[in-house]
Amino acid sequence: MFIRQLPLWIAETNCWIISRSKTDSECVLVDAPPSPEEILTVLTSNGLKPVAILATHGHIDHVGGVATLTRAGITEDQVSGLPVYINNGDIHMLLDPVGTSGVLGEELLRSGIDVRPPELIYNLDDGDTFSGSGLIFNTLLTPGHTEGSICLMVNDSETSEKLLFSGDHLFKGSIGRTDLPGGSYEKLVDSMRSKILPLDDAIIVLPGHGGVTTIGEERQTNPFLLQM
């Protein structure tokens with residue numbers, strides 16, 4: 001697989017670009033921080049065309065670039081652009097990124113970034129799959145950071161490698177904050193125990209912020225997981 005990590009905007013939120021191989025022209029974006037021009041530059045320089053944006057949750061640092069990216073290359077006679085997939089629990093943040101984001105929403109407005117909601121929005125619920133760019137993404141609903149937080153599992157059939165895009169649920173050495181609207185530490189612990197901790201140690205974790213890790217490394221060293 002071809003995977004590119006782009007830490008962007010104020011919080012260095014990771015946009016993940018993933019395609020079946022380096023030679024494939026189609027790709028999938030996991031999260032879209034409010035730095036869409038930088039994402040478009042990387043896509044263009046690598047000859048990549050996204051087929052969808054998968055949002056791990058609705059916080060503005062993960063979806064603030066959606067409006068620009070979904071409409072890139074769309075002509076006036078076209079009625080819709082790139083589809084966006086998100087859990088229904090967080091769709092209100094995608095529809096109103098400014099009004100649901102406080103100070104960060106004001107910063108987005110000042111930057112002049114397009115904040116219109118995308119034309120095509122689809123729900124990703126627990127157990128749902130998304131197929132695109134020759135890859136299959138399996139959805140794990142993991143509320144806690146937000147009500148609609150999801151993790152996305154990808155299996156590489158050729159190498160047997162498994163990837164988990166964990167959003168802001170699980171980080172290298174930490175977990176997502178739960179003090180924002182829609183957050184719940186109790187729900188995060190419950191979903192971590194039921195959905196993440198049972199996973200195989202070899203699974204590679206690609207989080208919404210920070211560096212890459214594995215389930216096994218976090219099980220052994222993450223102080224929050226050790227408490228669980």
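The values are calculated or read from the model by the stated rules, or taken from the named source; none is laboratory data. Since the model is a prediction, treat every value here as computed from it, not as a measurement. Ideal geometry is used to build each Cβ from the backbone, glycine not excepted, and the neighbour counts take in all protein chains shown.
Basic (Lys, Arg), touching a Ser or Thr at 6+ places or on another chain (Cβ under 6 Å), touching a residue at least 12 places away in the same chain (Cβ under 8 Å) and more than 23 Å from Pro36 (Cβ to Cβ): does that describe Lys162?
no
Being within 28 Å of Asp24 (Cβ to Cβ), in a strand (DSSP E or B) and either without any contact (Cβ under 8 Å) to a residue 60 or more places away in the chain or hydroxyl-bearing (Ser, Thr, Tyr) (or both): is that true of Ser131 here?
yes
Which numbered condition in (1) assigned to a strand (DSSP E or B); (2) at pLDDT below 95; (3) among the polar types (S, T, N, Q) is the only one that Thr139 fails?
It fails just one condition, (2).
Just one of (1) more than 21 Å from Trp16 (Cα to Cα); (2) in a helix (DSSP H, G or I) trips up Glu218, so point out which.
Glu218 satisfies all of (1) more than 21 Å from Trp16 (Cα to Cα); (2) in a helix (DSSP H, G or I) except (1).
Could you pull out the residue among Val115, Val103 that is farther than 19 Å from Ile18 by Cβ, aliphatic (A, V, I, L, M) and part of a loop (DSSP other than H, G, I, E, B)? Break it down stepwise before answering.
Numbers: Val103 fails: part of a loop (DSSP other than H, G, I, E, B).
Result: Val115 is the single residue among Val115, Val103 that is farther than 19 Å from Ile18 by Cβ, aliphatic (A, V, I, L, M) and part of a loop (DSSP other than H, G, I, E, B).
Residue by residue through the range 207-228, note down the ones that are aliphatic (A, V, I, L, M), over 27 Å from Ile60 (Cα atoms) and either touching a Leu at 6+ places or on another chain (Cβ under 9 Å) or at pLDDT below 95 (or both). Explain how you work it out, then say what you get.
If we filter the range 207-228 for residues that are aliphatic (A, V, I, L, M), which is where we start, we get 212, 215, 225-226, 228.
Those still in the list that are over 27 Å from Ile60 (Cα atoms) too: 226, 228.
Matches in the range 207-228: Met228 only.
Out of everything in the range 106-136 that is surrounded by fewer than 18 Cβ atoms within 10 Å (Cβ to Cβ) and among the small types (Gly, Ala, Ser), what residue ends up being modelled with the lowest pLDDT?
Ser111
With part of a loop (DSSP other than H, G, I, E, B) and within 25 Å of Gly89 (Cβ to Cβ) as the only criterion, which of Leu206, Leu188, Leu180 stands out?
On the way: Leu206 fails: part of a loop (DSSP other than H, G, I, E, B); Leu188 fails: part of a loop (DSSP other than H, G, I, E, B).
Checking each option against the conditions leaves just Leu180.
Counting only residues that are buried (at least 20 other Cβ atoms within 10 Å of the Cβ) and not in a strand (DSSP E or B), how many does the range 148-165 have?
Total meeting the criteria: 2.
Which of the numbered conditions does Ile204 fail, given that it passes all the others? Conditions: (1) at pLDDT 95 or above; (2) on the phi < 0 side of the Ramachandran plot; (3) touching a helix residue (DSSP H, G or I) at 6+ places or on another chain (Cβ under 8 Å).
(3)
Can you say whether Leu152 is over 14 Å from the mean Cα position of the chain (by Cα), closer than 23 Å to Ser21 by Cα and touching a residue at least 24 places away in the same chain (Cβ under 8 Å), as far as the supplied structure shows?
no
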